[in-house]
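Bear in mind these aren't lab numbers, they're just calculated from the coordinates by the rules spelled out. Because the structure is predicted, anything quoted here is derived from the model rather than measured. Ideal geometry is used to build each Cβ from the backbone, glycine not excepted, and the neighbour counts take in all protein chains shown.
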Amino acid sequence: MSKRNRRQLAGGNEAKAGDAVAKPVLSAPRVNERYARPLFVLTIVTGSFLLFLTQPMIARMALPRVGGAPSVWNSAMLVYQLLLLAGYAYAHALSHLRPRLQSGIHPPCFCPSVWSRGFRPRTRSRPSGCPGS
């Protein structure tokens with residue numbers, strides 16, 4: 001290891017005659033952690049609240065179409081929780097990849113959901129005896 005490399009490791013970056021011009025090392029601005037952590041917690045809690053607020057509303061909207069038995073309600077809750085778990089597993093698996101690869105995986109996964117956005121069950125598919133049939 002040369003003397004110049006030792007000086008740089010030790011923190012001395014003064015230039016000597018014959019050395020290339022030493023450039024000061026710039027550090028990235030540090031985010032104030034005093035505000036970052038509460039903001040992060042608030043974001044997670046708000047997202048969870050909204051997510052679990054929609055779960056019973058969607059199940060309640062689907063119940064008349066598929067029957068109102070307690071087993072249907074339990075099945076709806078189970079499906080919702082399994083989809084939530086699958087979403088968490090997807091996010092966890094993607095977090096281990098490079099950002100460029102992540103951006104290549106997202107569009108093929110989410111384009112079908114955009115294309116099927118207008119899907120609505122037909123009125124004829126409701127069981128007999130349900131309101132509106």
* Structure fact -> Simple SL model, points at 7 angstrom along Cα→Cβ for Tyr35 and Ala89; separation in nm is 4.0 nm
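Given a Förster radius of 22 Å and the C-beta distance between Ser75 and Phe52 as r, what FRET efficiency does 1/(1 + (r/R0)^6) yield to the nearest 0.05?
Values: r = 18 Å, r/R0 = 0.80.
So, using R0 = 22 Å, E works out to roughly 0.80.
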* What is the local net charge at Leu42, summed over the other residues whose Cβ is closer than 15 Å to its Cβ (Lys, Arg +1; Asp, Glu -1)? -> +1
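Report the gain in length on full extension from Arg98 to Arg60: 0.36 nm times residue separation, minus Cα-Cα distance, nm rounded to one decimal. Intermediate values should be presented prior to the final figure.
Details: separation 38, 0.36 × 38 = 13.68 nm, distance 3.98 nm.
Length difference between fully extended and current span is 9.7 nm.
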